[in-house]
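The values are calculated or read from the model by the stated rules, or taken from the named source; none is laboratory data. No experiment lies behind these values; they were computed from the predicted model shown. Cβ coordinates were reconstructed from backbone atoms using ideal geometry, including for glycine residues, and neighbour counts include every protein chain displayed.
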Amino acid sequence: MKLKWLGHSAFELTSNKGLNILVDPFIQANPSCPLNARDVHPDVICITHGHADHFGDVVEIAKNNPNIIVIANYEISIYLQRKGVNAIGINYGAHVKIEDVEIRMLKAEHTSTFDFEIDTKYAGNPGSFLFTFDDDLKVYHAGDTGLFSDMKFVIGEVYKPDIALLPIGNIFTMDPKEAAIAASWINPEFVIPMHYNSFPSIAQDPNEFEKMVTNCKTLIPKVLQTLEF
């Protein structure tokens, strides 16, 4: 599996058979991402919640390509279907299998609205995703979240991801200290910080986060760097 960070909470995950999954496609308005929406070519897009910095460019990327499948909560899937996007709605605990990857939606503690609309509208419950690849490698994308006990008793003890992508930015999510606690609860082999330094309000030093993590290896990729597992 190959993993590429696009800045903020946007990641590309590519399976061993070449399935490209784009998570939270905040591309064009993302100050830390040098790409344009036309530069990404996903087979699947996963949306953790409705906020603009996660919903991103999903409509532009997916609307004109009916082969792209978008996976999100039910409310976001209905919103996207009305815009001509091929979207599947699922909820906590449910999963879908697309080619060689199982995609499961799990809980997150956050809010979710279409905050880019003139009238801010409810966008269903926020979520996170667990991706299980054909070699049983598991990647957990936490979405936007605070620290909560499911990270220990459900995500850590039941699903046991190998790689955890955790927000550290504070203000809207966990700060580095809480994210380090989350890493200890989840107990993956690798942890990757995200959702930081995109804006001044979420400025953090990922190296300070690394110092707080004692149970697993912290990887701090540069934007557009590809890691192979």
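Could you please tell me which pairs satisfy a Cβ distance under 8 Å, a separation of 6+ or placement on different chains, a first residue in segment 15-27 that is more than 27 Å from Gly50 (Cβ to Cβ), and a second residue that is hydrophobic (A, V, I, L, M, F, W, C)?
Once the first residue is more than 27 Å from Gly50 (Cβ to Cβ) and sits in segment 15-27, its partners that are hydrophobic (A, V, I, L, M, F, W, C) give Asn16/Met1; Asn16/Phe133.
Quick one: in segment 194-208, of everything that is buried (at least 18 other Cβ atoms within 10 Å of the Cβ) and of a type in the set (Ser, Thr, Tyr), which residue is nearest to the chain's Cα centre (by Cα)?
Tyr196
Examine segment 88-107 for a residue that is in contact with a Pro (Cβ under 9 Å, 6 or more places away or on another chain), modelled with pLDDT of 95 or more and hydrophobic (A, V, I, L, M, F, W, C), and state whether such a residue exists.
Taking every residue of segment 88-107 in turn, none turns out to be in contact with a Pro (Cβ under 9 Å, 6 or more places away or on another chain), modelled with pLDDT of 95 or more and hydrophobic (A, V, I, L, M, F, W, C).
Name every residue in segment 174-205 that is over 20 Å from Cys33 (Cα atoms) and part of a loop (DSSP other than H, G, I, E, B), in order of residue number.
Residues satisfying the conditions are Met174, Asp175, Asn187, Pro188, Glu189.
I'm told Pro66 meets every condition in (1) modelled with pLDDT under 95; (2) closer than 29 Å to Gln204 by Cα except one. Can you identify the failing condition by its number?
The single condition Pro66 does not satisfy is (2).
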